[in-house]
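Let me begin by presenting the structure, written as structure tokens, before commenting on it.
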Amino acid sequence: MRTKLLAAALLVASAAAGRADDGLTRGTPEVKSVTALAFGPKGLLLIGDSAGAAVFAVDTGDTKPAGDKPLNVEKLDSKIAAALGVTDKDVKITDVRVNPASGNVFVGVARGAGAGTPALVKVARDGTVAPFALKDVAFAKATFPNPATAGAKGGAPEVITQLAFVDGKVIVAGLSSEQFASTLRVIPFPFKDVDKGTGIEIFHAAHNGALETKSPIRTFVPYKIGQEDHIMAAYTCTPLVKIPVADLKAGSKVKGVTIAELGNQNKPLDMIVYTKDGKDYVLMANSRHGILKLPAGEFATAAPLTAAVKGGGTAGVKAEAIKELADVVQLDKLNDTQALLLLKSGDLKTIPLP
């Protein structure tokens, strides 16, 4: 019996040490909003909290593979409302992300009127919907020193719009209080002090060729072009821009290279990268068209756009609009052959990667 107790104690101590190595401590994180989600290794969930101007890293413990069945859930918003004990109208889904370690899905929620109370929900691969309590969990927090303090037209500041875990670092897009308000932050993990980030400037062909520094990146994906890591960033009205990760230095200003104009009066919502038949592609969910499919193999040689594009036209790398995949509000890669969509109807749907 003593041997068993000693083994159990050593196991607990080992787990605690592992959390310490990652900079995680057990407690209850004070998350003010669940603006954006991403996953790191071993079920590590990243929560972008715009209201709190911070990123949280949470050990979900969700690492057991849940199978590879397609996941289809009708009226996910209604099922979330029932799980949280609120009405359908009190649920706003803010992000949907697949945990690569398990295949289960985590959903960010604003519960109630206005900005709402933040909540997390786990959707298991069998379709079961249950709250994921941010209580007594191993977590770490990185707080921003210079967040934006005012939003457009009196709205909430868009301190965080998207984030991703890339090679031991958390990359965060959003707005800061700097002159170049559009910012990319590179935060080493385990978390330490967060610097001012990098101000981003872009050429926006659909806006009469304006140089813009205050428009936030709406969504991005990390992508390696040749041997160099890049951020492929999309903005409202819909320029696609490549930004070398190596250029993202604290306090510096970087001009991204605009390689596509995908049409104005449009908002990019989510992007994923995948490989099919030996070729890389990017899928972009957006507010105006069906999902857009872009050939990532052309990113390396695409000429920078330098002239205005008028009349709602397009230029640069060409995208294929997949009309039958319309009304998509959230997009993530479920596995190497399937994508997961959240539709305007509230349905969660699995499709083959096109």
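No value in this document is a laboratory result; all are computed from the given coordinates. It should be emphasised that the depicted structure is a prediction, and the values quoted were computed from it without experimental measurement. Cβ: placed from backbone, ideal geometry, glycine included. Neighbour counts: every protein chain shown.
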Response to the item:
The alpha-carbon center of segment 317-352 and that of segment 70-92 are separated, in whole Å, by 19
Worksheet item: To the nearest 500 deg cm²/dmol, what mean residue ellipticity at 222 nm is calculated for the chain from DSSP H runs of n ≥ 4 alone, each contributing -39,500 (n - 2.57), summed and divided by the residues?
Response: -2500 deg cm²/dmol
Worksheet item: How large is log10 I(q)/I(0) at q = 0.14, 0.15, 0.23 Å⁻¹ when the Debye formula is applied to the Cα atoms of segment 226-346, each weighted equally and without solvent?
Response: -0.63, -0.72, -1.43
Worksheet item: Which peptide among 292-303, 161-172 comes first, and what is the full order, when sorted by highest mean count of other Cβ atoms within 10 Å?
Response: 161-172, 292-303
Practice prompt. Starting from the Kirkwood radius over alpha-carbon pairs of the chain, derive D by Stokes-Einstein at 4 °C in a medium of 1.567 mPa s and give it in µm² s⁻¹.
Written response: 62
Item to complete: For Lys224, go through the aspartates and glutamates and keep the ones whose alpha-carbon is under 19 Å away, minus same-chain ones fewer than eight residues off.
Response: Asp167, Asp247, Asp270, Asp277, Asp280, Glu298, Asp332, Asp336
Discussion item. I'd like to compare 216-229, 181-194, 235-248: which one has the highest average count of other Cβ atoms within 10 Å, and what's the full order after that?
Written reply: 235-248, 181-194, 216-229
Worksheet item: From the square roots a ≥ b ≥ c of the eigenvalues of the alpha-carbon gyration tensor of segment 108-222, which class results: rounded (a/c under 1.5), prolate (a/b over b/c), or oblate?
Response: prolate
Fill in: Relative contact order (percent, whole number), segment 55-149, Cα cutoff 8 Å, 6+ residue spacing
30
Fill in: Over segment 251-354, relative contact order from alpha-carbon pairs under 8 Å, at least 6 apart, %
25
Practice prompt. Rounded to the nearest Å, what's the spacing between the alpha carbon centres of segment 226-289 and segment 147-192? Just the number, please.
Written response: 16
Practice prompt. Evaluate the charge dipole of the chain about its Cα centre and quote only its size in Debye, nearest 20, assuming +1 on the Cβ of each Lys and Arg and -1 on the Cβ of each Asp and Glu.
Written response: 360
Response to the item:
Lys42 and Lys344 label points (each 7 Å along its Cα→Cβ direction) are spaced in nm at 4.3
Practice prompt. State, as an integer percentage, the relative contact order of the chain based on alpha-carbon contacts under 8 Å between residues 6 or more apart.
Written response: 13
